[in-house]
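Written below as structure tokens is the structure these notes are about.
All of the numbers you see were taken from the coordinates with simple rules; none came from a lab. Fair warning: this is a prediction, and the values are worked out from it, not measured in the lab. Backbone-built Cβ (ideal geometry, glycine too); neighbour counts: all protein chains shown.
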């Protein structure tokens, strides 16, 4: 986990602290995040995320932990394999 450059997207978890009873029992998906002006940090799928103090490089996130919602799904890096060339 490293602090990202402002212009580069990074992976982060959702901020669910404002729920009255957030689910803390399961592993949460990581979202492709970035800075949205001065309003804060938002994911590509439109959810608010945690700040840049706790973030991951996009390539380091395993496929099973990646957000599959529209927006985030298109922003994850794609591995190029021999068959796809």
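Numerical summary
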quantity	calculated
Difference of contour (0.36 nm per residue) and Cα-Cα distance, residue 20 to residue 70	15.4 nm
Protection proxy ranking of 72-79, 23-30 - average other beta-carbon atoms within 10 Å, highest first	72-79, 23-30
Length added when fully stretched, residue 8-residue 79, from 0.36 nm per residue minus Cα-Cα	23.7 nm
